[in-house]
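Read the structure below first, then the notes.
The values are calculated or read from the model by the stated rules, or taken from the named source; none is laboratory data. Predicted model only: the values in this text are computed from it and were never measured. Neighbour counts run over all protein chains shown; Cβ positions are idealised from the backbone, glycine included. Please note that ligands, DNA and RNA were not included when accessible areas were found on the heavy atoms of the full protein model with its side chains. Shrake-Rupley method; radii C 1.70, N 1.55, O 1.52, S 1.80 Å.
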Amino acid sequence: DTDLLRRVGEALGAEARAEQVAVLLGPGVNIKRSPLCGRSFEYFAEDPLLAGEIGAALVQGVQSQGVGVSLKHFAANNQETDRMRVSAEVDERTLREIYLPAFERVVKTAAPWTVMCSYNRVNGRYASENPWLLTEVLRDEWGFDGLVVSDWGAVNVRTDALAAGLDLEMPATGGHTDAQIVEAIRAGQLDEAVLDRAVERVLTLIQRTAVALANPGTADHDTHHVLARQVATECAVLLKNEADLLPLGPTAGAIAVIGELARSPRYQGAGSSQVNPTRLDDALTELQNLGADVRFAAGYLLDGVQQPDSAQQDERLLAEAIEVARDRDTVVLFLGLPASAESEGFDREHIRLPANQLALIDAVAEVADRIVVVLSNGSVVQTSTWEQRADAILESWLLGQGGGGAVADLLLGRAVPSGRLAETIPIRLEHCAAQLNFPGEAGTVRYGEGLFVGYRGYDQQAMSVSYPFGHGLSYTTFNYTDLAVSVEGSGTDTRVRVTASVANTGARAGREVVQLYLSDPESSCVRPVRELKAFTKITIGPGASQTVRFTLDARDLSYFHPITRQWTLEGGEFEVAVGASSTDLRLTDTITVEAPELVPPLTVDSSVVEWASHPTGGPLLRDALGDGAEALLGKESLDLMGSMPLGRAASLPPMPLDQDGYQRLAAAAVQAGAGTFEA
């Protein structure tokens, strides 16, 4: 819900301003490439559109209060292992389509005051010293006009970073690297204008933040706590709800609340993101405050540090939990990850719940008829090994200081679940395509899965998952009808208008996240099976319906061509699908889009087939081959020699084209504007 995220940003901005904080170090819009990333709790999604839209809304909210943000970590920072120096080896198309678009969307639509470069190398070069990232892409292409700051300790060589476009090194080095800049300028190794430019950007940031620092005001923490509870309510995802066990109404009877997390909530991630809450709700107290008939048992030790008697304590707590569960009508199990399991600074080793919690599920299932599991975790946990023992599963993530009240509201039906998964929950960790190259070795991590991150990878392999991207249940039901899709214009002026009707067919008001996915079934380059291109969250009363409208532009239909190195729209058929998740597509339609034919330029590496099929180069080649063209460009010859660069094939029999003939052919292609042949 981008409107809600904007309100969150406004509250964060007001609190930062009240504390005289000029720049809030976030949001992080890096892609959730692997469930093992230790910092996934701080990032938004496995999909770049979703991460970019949410990130932009948050930035707009924060900066509306006169407080800047630092959009991070730019770029390809998708793991904690060896994060200070590892080289993320990523082809440009994958960067452009997966890892850069969220940053691009935020820069272009929300104008963050600062961007923070990441620690890691990108294709062998430190992000802090990468002029392609920090200047060519960020400033020249996207129009960023703010300040580029380093992550804390990310600068390798200060003068190289300054020349690449890094304006501010953090933290300060006691003047050591300042002296390097002075020395480089005096030696003529660094243009003083480069330093002037960085100084100007620092002064601009100081000017932008001066008003807020001079007039900090106060933050309304009580109102913000109400907002925190609302946000938490909307973020929790109802994964499963057999026989409509939730919400817990009068038929639920006496309730057993089992799990230390019910009274000791895990509400935030670990590492540099930790903050002190103004208040902290826990689910156990909130359930009791709302009048639920509750009996509690801790069930397990939460502390990740093992004590000499941990096993004995777990056995005692397990026995107590079994007795409480046996005596109650419905069991609500609070499970999840301790702070020691996921944090900035290290990656997770697996996605399983702690062993003592898995033992608790098994034991309680032996004595309880109805079980609800409430999860608390920053990144996904495996559910496939135990979910059959649970009648309902509420994935609450890390819900912040109002999370306890939110969970109580959802369990008792005072609120209706409306969160949707921003990250696929796989059946097994090994099914995630990134795991073939995570976290890398010898200082290098290869993004070998390319575009096929998250649901893109599972779809490409036709692989079943526990819960798909975009999934989330409600206490009501929704019906989709009346899909209408129209195409306006052509080429770069293409617009696709999409409308659909969504009706609430249940007895309660609810919120639905309507998702639009696009497929290009025939493309000259491999494309994902489907990709999220738009979404909206709507509120619908019982028996009511609402029309949703989306507009896609040419960029939404395009891919980044690896040869021409530009966004490319190919004409032809596209499939537009609207639904409730990446696999729950309720309505589909096919459209035809017109665009100029894609004609990649001929180069020294162009193959015989590429020459033969080129609209300009093909006739030139046939003329050069003369009478032998028909035989040499037939199927049998092309099967044998078609993939060879023509310049090399020209020297081989039976090609009636020597090197001199090839050079004349290449010159004719250049004159006709069909290519370039510099070595």
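Table for the structure above
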read-out: Answer residue from the range 222-263, given it is surrounded by fewer than 17 Cβ atoms within 10 Å (Cβ to Cβ) and not charged (D, E, K, R) and is nearest to residue 347 (Cα to Cα) among those; value: 226
read-out: The lone exception for residue 66 - which of (1) touching a Lys or Arg at 6+ places or on another chain (Cβ under 8 Å); (2) open to solvent by less than 10 Å² (accessible area, probe 1.4 Å) it fails; value: (2)
read-out: Some residue of the range 168-176 being open to solvent by 60 Å² or more (accessible area, probe 1.4 Å) and farther than 26 Å from residue 28 by Cβ; value: yes
read-out: Which listed residue, of 503, 507, is among the aliphatic types (A, V, I, L, M), surrounded by fewer than 20 Cβ atoms within 10 Å (Cβ to Cβ), without any contact (Cβ under 8 Å) to a residue 60 or more places away in the chain and in a strand (DSSP E or B); value: 503
read-out: Residues within the range 611-624 that are open to solvent by 40 Å² or more (accessible area, probe 1.4 Å), in contact (Cβ under 8 Å) with a residue 12 or more places away in the chain and in contact with a helix residue (DSSP H, G or I) (Cβ under 8 Å, 6 or more places away or on another chain), tallied; value: 3
read-out: In the range 279-300, the residues that are part of a loop (DSSP other than H, G, I, E, B) and either buried (at least 20 other Cβ atoms within 10 Å of the Cβ) or touching a residue at least 60 places away in the same chain (Cβ under 8 Å) (or both); value: 279, 280, 281, 282, 290, 292, 298, 299, 300
read-out: Candidates 33, 6 - the one that is of a type in the set (Lys, Arg) and open to solvent by 20 Å² or more (accessible area, probe 1.4 Å); value: 6
read-out: Hits in the range 217-257 (condition: among the β-branched types (Val, Ile, Thr), farther than 25 Å from residue 416 by Cβ and not in a loop (DSSP other than H, G, I, E, B)); value: none
read-out: Qualifying residue in the range 606-621 (condition: in contact with a Ser or Thr (Cβ under 9 Å, 6 or more places away or on another chain), under 21 Å from residue 677 (Cβ atoms) and in a loop (DSSP other than H, G, I, E, B)); value: yes
read-out: Verdict on residue 190 being at pLDDT 95 or above, closer than 30 Å to residue 90 by Cβ and not polar (S, T, N, Q); value: yes
read-out: Filtered residues of the range 38-82 (kept if in contact with a strand residue (DSSP E or B) (Cβ under 6 Å, 6 or more places away or on another chain) and on the phi > 0 side of the Ramachandran plot); value: 76
read-out: Top-ranked residue of the range 369-383 - restricted to ones that are of a type outside the set (Val, Ile, Thr) and over 23 Å from the mean Cα position of the chain (by Cα), ranked as surrounded by the most Cβ atoms within 10 Å (Cβ to Cβ); value: 370
read-out: Restricting the range 567-582 to residues that are touching a Ser or Thr at 6+ places or on another chain (Cβ under 9 Å) and assigned to a loop (DSSP other than H, G, I, E, B), the residue that is surrounded by the most Cβ atoms within 10 Å (Cβ to Cβ); value: 582
read-out: Test result for residue 460, modelled with pLDDT of 95 or more and either in contact with a Leu (Cβ under 8 Å, 6 or more places away or on another chain) or among the charged types (D, E, K, R) (or both); value: no
read-out: In the range 41-53, the residues that are in contact (Cβ under 8 Å) with a residue 24 or more places away in the chain and within 10 Å of the chain's Cα centre (by Cα); value: 44, 45, 46, 47, 48, 49, 50, 51, 52
read-out: The range 627-679: number of residues that are β-branched (Val, Ile, Thr) and modelled with pLDDT under 85; value: 1
